[in-house]
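Asks: This is the structure, below, for whatever I ask next.
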Amino acid sequence: MTSDALHQRKSGIPDHMTGVVLVGHGGFEKLSYKTDLPVPVPEAGEVLIRVAAAAINNTDINTRIGWYSKAVTSGTESGANGGFQSANDADASWSGVPLAFPRIQGADCCGRIVAVGEGVSPERVGERVIVRNMLRSFVDFRPFECWTFGSEVDGAFAQYAKAPSRETYRVDCEWSDVELASIPCAYSTAELMIDRAGVRSGEHVIITGASGGVGSASIQLAKRRGAYVTAIAGRDKLQQLRDLGADQALPRGENMVGKLGKGSVDVAIDVAAGPSFGEVLDVLKKGGRYAVAGAIAGPIVELDVRTLYLNDLTFFGCTFQDDAIFENLVSYIERGEIRPVVAKTYALKDIVEAQQDFLLKNSIGKLVLEIPH
């Protein structure tokens, strides 16, 4: 036993913990609930977090089923239950690098620091924190490189998780742990798209997949900047999106050009892609901006390049996040400028049920796992 592990034991931290491990790419059977996982020991520059809550995200499911593999050409839902037979393990992670199994997933983490590694102030113990989901410490903060919490390193689907101290943020607010756990992945993705596209006050922004975690976050973050927001989602969710702040909400699948007019929108925030991709471009004004950070409706789209260059459109692919993105989110929380929508909570052992409900898309906002201790 290392000296750090011995210190943890003396501090009342157990040697083993409960968690869910992903044992390979595939269906729900690849998620294994364990009660005897070793509690991680923080190394130099790291903190150990007693996890209180962890939210469900598309990236967790996409990683499980191997959707990121270039051999997969359909949307997430078509392989969400059983995985994709066509997926190639060699490129089935978001980074294109083979995933190491078993892996504790969970990109979203809220909890309290209970131990620190060498070089970290012990005064951090007791802080309530969230972890930046796109970690830069492991790649020496090189631009456009990062690891994902719960993918390249173990994440928050367990009672304890360790993370780089400098990427673990104290948050002072009255929110519940469940609400804070809703922030890291969805809100940072939304803020990245909105920031990179340069959304300004008075601009018309269209948001696809607006009822999901990233979509509902995008509504709030675009409104925070003073934009006029049109949200696209299922017909049964439209009033809820208006209540969330959308200026108008349109049913998914209806003719966008007919409803909005050709060349009427300044910025598109897209996480869907798929069949509606061409329509989204058609409603953009000349000089419009298109930001994308997902393709749940299908990654393969048809692009008429003339639409792109004749209308002077700008495309933003959005994955890598500068430090300011997450730091800004913490400041928005502490100033009371945003508030997440939590649709439902689950026990960690019910992760399969939570992912099944997530895939049904029947709710607005986040589905969150509460971690027992």
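The values are calculated or read from the model by the stated rules, or taken from the named source; none is laboratory data. Since the structure is predicted, the reported quantities are computational estimates derived from the model, not experimental observations. With ideal geometry, Cβ positions are generated from the backbone for all residues, glycine too; neighbour counts draw on all protein chains shown.
Asks: Only one of F320, F315 is surrounded by fewer than 21 Cβ atoms within 10 Å (Cβ to Cβ) and in a strand (DSSP E or B); which? Don't jump to the end; show me each part of the working.
Replies: Values: F320 fails: in a strand (DSSP E or B).
Testing whether each residue is surrounded by fewer than 21 Cβ atoms within 10 Å (Cβ to Cβ) and in a strand (DSSP E or B) leaves just F315.
Asks: For A291, only one of the following conditions fails: (1) more than 27 Å from P143 (Cβ to Cβ); (2) in contact with a helix residue (DSSP H, G or I) (Cβ under 7 Å, 6 or more places away or on another chain). What is its number?
Replies: Result: A291 fails condition (1) only.
Asks: Please go through the stretch 193-216 and pick out each residue that is out of contact with any Cys (no Cβ under 9 Å at 6 or more places or on another chain), modelled with pLDDT under 95 and assigned to a helix (DSSP H, G or I).
Replies: G215, S216, listed by residue number.
Asks: If E46 satisfies every condition in (1) of a type outside the set (S, T, N, Q); (2) within 20 Å of the chain's Cα centre (by Cα); (3) buried (at least 17 other Cβ atoms within 10 Å of the Cβ) but one, which is the exception?
Replies: Answer for E46: the failing condition is (2).
Asks: Ok, one more. Criterion first (among the charged types (D, E, K, R), at negative phi and either crowded, with 18+ Cβ neighbours inside 10 Å or outside any helix (DSSP H, G or I) (or both)) does K349 satisfy it? Step through it out loud before you land on a result.
Replies: Details: among the charged types (D, E, K, R): yes; at negative phi: yes; either crowded, with 18+ Cβ neighbours inside 10 Å or outside any helix (DSSP H, G or I) (or both): no.
No; evaluated as a whole, the condition is false for this residue.
Asks: How many residues does the stretch 325-355 contain that are farther than 21 Å from G215 by Cα and of a type outside the set (D, E, K, R)? Give the derivation first.
Replies: So the first thing to find is which residues in the stretch 325-355 are farther than 21 Å from G215 by Cα, and the list is 334-335, 346-353.
Subset that is of a type outside the set (D, E, K, R): 346-348, 351-352.
Matching residues across the stretch 325-355 total 5.
Asks: For a quick check of your reading of the model, give me the residue pairs whose first member lies in the stretch 32-44 and is more than 18 Å from K349 (Cα to Cα) and part of a loop (DSSP other than H, G, I, E, B), whose second is at pLDDT below 95 and among the polar types (S, T, N, Q), with beta-carbon atoms closer than 7 Å and at least 6 apart or on different chains.
Replies: V41/T2; V41/Q8
Asks: Moving on. I need every pair where a residue in the stretch 358-372 that is under 26 Å from T18 (Cβ atoms) has its Cβ under 8 Å from the Cβ of a residue that is part of a helix (DSSP H, G or I) and aromatic (F, W, Y), sequence separation at least 6 or different chains.
Replies: As it stands, the answer is L367/F358, since those pairs meet every condition given.
Asks: Hey, could you check the stretch 257-297 for residues that are surrounded by fewer than 19 Cβ atoms within 10 Å (Cβ to Cβ) and on the phi > 0 side of the Ramachandran plot and say which is nearest to the chain's Cα centre (by Cα)?
Replies: Among them, the one singled out is G274.
Asks: Just give me the residues in the stretch 155-192 being within 29 Å of A268 (Cα to Cα) and in a loop (DSSP other than H, G, I, E, B), in sequence order.
Replies: First, the residues of the stretch 155-192 that are within 29 Å of A268 (Cα to Cα): 179-192.
Within the stretch 155-192, S182, I183 qualify.
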